[in-house]
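One structure is given here, and the rest of the page talks about it.
The values are calculated or read from the model by the stated rules, or taken from the named source; none is laboratory data. Just so it is clear, the structure is predicted and the values come from calculations on it, not from any experiment. Note that each Cβ is placed from the backbone with ideal geometry, even for glycine, and that neighbours are counted across all protein chains shown.
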2 protein chains.
Amino acid sequence: MTHEAGIPLGIRFKLLSDTPQDSAAQVVHDVVVGDYRDLETLRAFARGCDVITFDHEHVPTEHLRALEADGIPVRPGPDALVHAQDKGVMRARLDSIGVPCPRHRIVSDPQDVVAFAAEGDGFPVVLKTVRGGYDGKGVWVVTSPEEAAEPFRAGVPVLAEEKVDFVRELAANVVRSPHGQAVAYPVVESQQVDGVCDTVIAPAPDLDEALALRAEEMALTIAKELGVVGHLAVELFQTRDGRLLVNELAMRPHNSGHWTQDGAITSQFANHVRAVLDLPLGDPRPRAKWTVMVNVLGGDYPDMYSAYLHCMARDPQLKIHMYGKDVKPGRKVGHVNTYGDDLDDVLERARHAAGYLRGTITE
Amino acid sequence: MTHEAGIPLGIRFKLLSDTPQDSAAQVVHDVVVGDYRDLETLRAFARGCDVITFDHEHVPTEHLRALEADGIPVRPGPDALVHAQDKGVMRARLDSIGVPCPRHRIVSDPQDVVAFAAEGDGFPVVLKTVRGGYDGKGVWVVTSPEEAAEPFRAGVPVLAEEKVDFVRELAANVVRSPHGQAVAYPVVESQQVDGVCDTVIAPAPDLDEALALRAEEMALTIAKELGVVGHLAVELFQTRDGRLLVNELAMRPHNSGHWTQDGAITSQFANHVRAVLDLPLGDPRPRAKWTVMVNVLGGDYPDMYSAYLHCMARDPQLKIHMYGKDVKPGRKVGHVNTYGDDLDDVLERARHAAGYLRGTITE
């Protein structure tokens, strides 16, 4: 999707891909297949690139430092990106710049977890591996001391966090360039199902204006203080008592910003490319009153293409975005966007299309 | 741009390109470099394709018939496409289905031209080679019998047409699928400079509703009668006495439809892909009150990229579409789209950006 956004600007990508079948490898002209965890592969790949950016956060921080030392611009740079790679580093940094987070502590064993729980409201407690988790993976909601043993089995550092009593999840998406220019997209509501993002509504319905402004300010502050270049998604809890707490950070175009492809003047992908190249940023304002994004998960149909007939005929305004991935149950294989003036209608159209593509709706 | 529109639908292209540097070859993954005039090249390329389509009309009609005979779906098919390839065939067919055209006749020598002129209002007369012309090439406005010799020197058939007394040029863009579903985009005004499209305004300002409807009907009739599959652009003269006459046909996404990328719910490129695959068509309605497209021609700056800084900073809503072509004076190397509620503002922004990118405006 970043390649797609780069085409009209004449920005040409060279892609380092895990396999020749990866989504981006199917559509980018210049593809190198290799392992992003191998420094020599990265070095050979980076030669001749004007700038390096990412569609995930898993490239080892020390490899990115080595590329920077070689003189290759890496955006976002490793000193920023580490905050999206390591939840322990992220929490410590947000604490130090005064951005509110759930109560948290690095814990080293189940006894530590019990002590952490006792300092607050007791169990449940959320445990997370500090590195490598996504879409609910590497996250445990622990309701008793007995359950606290599991996360430590992998032998990696674990972060304990209070289980926040939230009314909903929000996301504040901002983009920042090396010049320091930054733009903020409208704050969205993000609805999760089984720990996986399901629906995003832009803008977040009935969000108090002061709270929306506060969320944007938090994201802009984080982008500035951490030196982020490119897109930053700040996932937030809106608590029952009216506070905003940072859940996660992502430093790349993010699922909570996919609505911008069809709903904003400039998409998150286009603005990420512009930021990474230190070009002036595009207008982040919405083009419609409401835009809804619903993820398409793999279901029982290996061939989603046959569902296009129904979905396109039913809703000529529907925007389908499929990733060319093999369909596996529960895997994110695409998303749909809808927009319009009536939120109920916009939501229904997006949910129907996503359900039909998945195979959970058959009429 | 068609590849760009295919990405979100998971439609993968295989490209037959003249050179490895062609615009599309820079961004499509699967590129074969070869000569589209060579039947064996076409046959080898077409093997394994589900369907073949085009971004120009120059593939020889008989080669396309051979591919069809091999069982490869060609869309638009050669029996339709020939009307966009051969102006003589096109004029004869439009006459036979009652679509109004400028007065015309195939002429075989300068004496014929003099006779053709005498039957109407005399000189000037427009002469066109029946095949191979575009952007003013292969077209002569002949003001005297002496000038009438030039077009015959190439030894190809020549079509004579009256020089139409028009107030402006319009374009009616429609898309038709093999199922027979068709959609019509709003009729646009197309302004030419030196025979090359410069500015497109969508919808055409101050166009009488009945005349707009008539233009859409003409384009839908042509698409149906000629069996067009995919995008059809019908370039029209609006005459001083209130008639519409067909100037040219194009059976592919067309310059007069580039505004749809940012100004319509479904772009001409997305709808061309959908039609070619016989998928239900997307909504062609505009997303903004006014959308303006201005072509970027090559100027004195070989590096247009440096102009991005000014253009993007001046207008964060600007949509730039560059083709990755080498800059040569007068060559179409990209276009810009702007949209909004105030036509004067939208026009000024597009013209300023295109002029700045070309180098004719420097502040």
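Cβ contacts < 7 Å: first residue within 11 Å of another protein chain (Cβ to nearest Cβ), restricted to the stretch B:11-33; second residue basic (Lys, Arg) and part of a strand (DSSP E or B), any location; separation 6+ or different chain. Result?
Listed by first residue and then by second, the contacts come to B:Asp30/B:Lys14.
Looking only at the stretch A:341-361, which residues are acidic (Asp, Glu) and either in contact with a His (Cβ under 6 Å, 6 or more places away or on another chain) or without any contact (Cβ under 8 Å) to a residue 24 or more places away in the chain (or both)?
In the first step, residues of the stretch A:341-361 are kept if they are acidic (Asp, Glu); the result is A:341-342, A:344-345, A:348.
Answer for the stretch A:341-361, where residues must be acidic (Asp, Glu) and either in contact with a His (Cβ under 6 Å, 6 or more places away or on another chain) or without any contact (Cβ under 8 Å) to a residue 24 or more places away in the chain (or both): A:Asp344, A:Asp345, A:Glu348.
Of the residues A:Asp35, A:Asp55, A:Asp22, only one is among the acidic types (Asp, Glu) and surrounded by 18 or more Cβ atoms within 10 Å (Cβ to Cβ); which?
Working: A:Asp35 fails: surrounded by 18 or more Cβ atoms within 10 Å (Cβ to Cβ); A:Asp55 fails: surrounded by 18 or more Cβ atoms within 10 Å (Cβ to Cβ).
After ruling out the rest, the residue left standing is A:Asp22.
Scan the strands (runs of 3 or more DSSP E) fully inside the stretch B:24-132 and keep the ones with 1 or more residues being over 25 Å from the mean Cα position of the chain (by Cα). It would help to see each step written out before you state the result.
Working: elements: B:30-33, B:104-107, B:125-129.
Strands (runs of 3 or more DSSP E) meeting the threshold: B:30-33, B:104-107.
When A:Asn337 is evaluated against the numbered criteria (1) assigned by TED's automatic domain parsing to the domain that holds A:Ala204; (2) without any contact (Cβ under 8 Å) to a residue 24 or more places away in the chain, which criterion, by number, is the only one it fails?
Failing condition for A:Asn337: (2).
Table: residues versus (1) at pLDDT below 95; (2) among the hydrophobic types (A, V, I, L, M, F, W, C).
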| position | (1), (2) |
| --- | --- |
| B:Ala80 | no, yes |
| B:Gly88 | no, no |
| B:Ala118 | no, yes |
| B:Glu147 | yes, no |
| B:Asn173 | no, no |
| B:Ser190 | no, no |
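For the stretch A:133-185, how many residues meet the condition of being assigned to a helix (DSSP H, G or I) and either outside the structural domain of A:Asp112 (by TED's automatic domain parsing) or aliphatic (A, V, I, L, M) (or both)? Break it down stepwise before answering.
So in the stretch A:133-185, the residues assigned to a helix (DSSP H, G or I) come out as A:146-152.
Checking which are either outside the structural domain of A:Asp112 (by TED's automatic domain parsing) or aliphatic (A, V, I, L, M) (or both) leaves us with A:148-149.
Adding up the residues that qualify gives 2.
Taking the condition of being closer than 14 Å to B:Thr338 by Cα and within 11 Å of another protein chain (Cβ to nearest Cβ), how many residues in the stretch B:276-288 meet it? Can you show your working first?
Initially, the stretch B:276-288 is screened for residues closer than 14 Å to B:Thr338 by Cα, giving B:286-288.
Remaining after also requiring within 11 Å of another protein chain (Cβ to nearest Cβ): B:287-288.
So the count comes out to 2.
Does the stretch A:243-266 hold any residues that are within 17 Å of the chain's Cα centre (by Cα) and within 11 Å of chain B (Cβ to nearest Cβ), and which are they?
Those that are within 17 Å of the chain's Cα centre (by Cα) and within 11 Å of chain B (Cβ to nearest Cβ): A:His258, A:Gln261.
If a residue has to be surrounded by fewer than 22 Cβ atoms within 10 Å (Cβ to Cβ) and under 25 Å from A:Asp206 (Cβ atoms) to count, how many in the stretch A:326-354 make the cut?
10
Check off (1) small (Gly, Ala, Ser); (2) closer than 21 Å to A:Ile7 by Cβ; (3) within 11 Å of chain A (Cβ to nearest Cβ) for B:Gly340 and give me the number that stays unchecked.
(2)
Does the stretch B:289-303 contain any residue that is within 20 Å of B:Thr199 (Cβ to Cβ) and at the interface with another protein chain (Cβ under 9 Å from one of its Cβ atoms)? Don't jump to the end; show me each part of the working.
To start, the set of residues in the stretch B:289-303 that are within 20 Å of B:Thr199 (Cβ to Cβ) comprises B:289-299.
From what's left, at the interface with another protein chain (Cβ under 9 Å from one of its Cβ atoms): none.
Checked against the condition, which is being within 20 Å of B:Thr199 (Cβ to Cβ) and at the interface with another protein chain (Cβ under 9 Å from one of its Cβ atoms), the stretch B:289-303 yields no hits at all.
For the stretch B:94-110, check the following and say yes or no: at least one residue is farther than 26 Å from B:Gly227 by Cα and of a type in the set (S, T, N, Q). First the steps, then the outcome.
First pass over the stretch B:94-110, keeping only residues farther than 26 Å from B:Gly227 by Cα: B:107-110.
So of that shortlist, the ones also of a type in the set (S, T, N, Q) come out as B:108.
Yes, because at least one residue in the stretch B:94-110 is farther than 26 Å from B:Gly227 by Cα and of a type in the set (S, T, N, Q).
Looking at A:Leu309 and the list (1) touching a Phe, Trp or Tyr at 6+ places or on another chain (Cβ under 6 Å); (2) surrounded by fewer than 22 Cβ atoms within 10 Å (Cβ to Cβ), which single condition is not satisfied?
It is condition (1) that A:Leu309 fails.
Checking B:Gly230 against (1) more than 15 Å from the chain's Cα centre (by Cα); (2) buried (at least 24 other Cβ atoms within 10 Å of the Cβ); (3) not hydrophobic (A, V, I, L, M, F, W, C): exactly one of these is not met. Which one?
Among (1) more than 15 Å from the chain's Cα centre (by Cα); (2) buried (at least 24 other Cβ atoms within 10 Å of the Cβ); (3) not hydrophobic (A, V, I, L, M, F, W, C), the lone unmet condition for B:Gly230 is (1).
What tally of residues in the stretch B:120-149 results from selecting those that are among the acidic types (Asp, Glu) and without any contact (Cβ under 8 Å) to a residue 12 or more places away in the chain?
Here is the first cut: in the stretch B:120-149, the ones among the acidic types (Asp, Glu) are B:121, B:135, B:146-147.
Imposing the further condition that a residue be without any contact (Cβ under 8 Å) to a residue 12 or more places away in the chain reduces the set to B:146-147.
Counting residues in the stretch B:120-149 that are among the acidic types (Asp, Glu) and without any contact (Cβ under 8 Å) to a residue 12 or more places away in the chain gives 2.
Please enumerate the residues belonging to the stretch A:58-88 that are in contact (Cβ under 8 Å) with a residue 40 or more places away in the chain and hydrophobic (A, V, I, L, M, F, W, C).
Initial filter on the stretch A:58-88 (in contact (Cβ under 8 Å) with a residue 40 or more places away in the chain): A:58, A:75-77, A:79-81, A:83-88.
A:Ala80, A:Leu81, A:Ala84 - these are the residues of the stretch A:58-88 that are in contact (Cβ under 8 Å) with a residue 40 or more places away in the chain and hydrophobic (A, V, I, L, M, F, W, C).
Considering the stretch B:253-275 alone, what residues qualify as being among the aromatic types (Phe, Trp, Tyr) and part of a loop (DSSP other than H, G, I, E, B)? Step through it out loud before you land on a result.
From the stretch B:253-275, those among the aromatic types (Phe, Trp, Tyr) are B:259, B:269; that's our starting set.
Passing the criteria: only B:Trp259.
Condition check: touching a helix residue (DSSP H, G or I) at 6+ places or on another chain (Cβ under 7 Å), modelled with pLDDT under 95 and within 14 Å of chain B (Cβ to nearest Cβ). Does A:Leu357 satisfy that?
Numbers: touching a helix residue (DSSP H, G or I) at 6+ places or on another chain (Cβ under 7 Å): yes; modelled with pLDDT under 95: yes; within 14 Å of chain B (Cβ to nearest Cβ): yes.
Against the criterion (touching a helix residue (DSSP H, G or I) at 6+ places or on another chain (Cβ under 7 Å), modelled with pLDDT under 95 and within 14 Å of chain B (Cβ to nearest Cβ)), A:Leu357 qualifies.
Which numbered condition trips up A:Thr239, out of (1) touching a Leu at 6+ places or on another chain (Cβ under 7 Å); (2) away from chain B (no Cβ under 14 Å); (3) among the polar types (S, T, N, Q); (4) surrounded by 20 or more Cβ atoms within 10 Å (Cβ to Cβ)?
Against the list (1) touching a Leu at 6+ places or on another chain (Cβ under 7 Å); (2) away from chain B (no Cβ under 14 Å); (3) among the polar types (S, T, N, Q); (4) surrounded by 20 or more Cβ atoms within 10 Å (Cβ to Cβ), A:Thr239 comes up short only on (4).
Which ones in the stretch A:306-322 are hydroxyl-bearing (Ser, Thr, Tyr) and within 7 Å of chain B (Cβ to nearest Cβ)? Lay out the reasoning, then the answer.
Within the stretch A:306-322, the subset hydroxyl-bearing (Ser, Thr, Tyr) is A:306, A:308.
A:Tyr308, the sole residue that qualifies.
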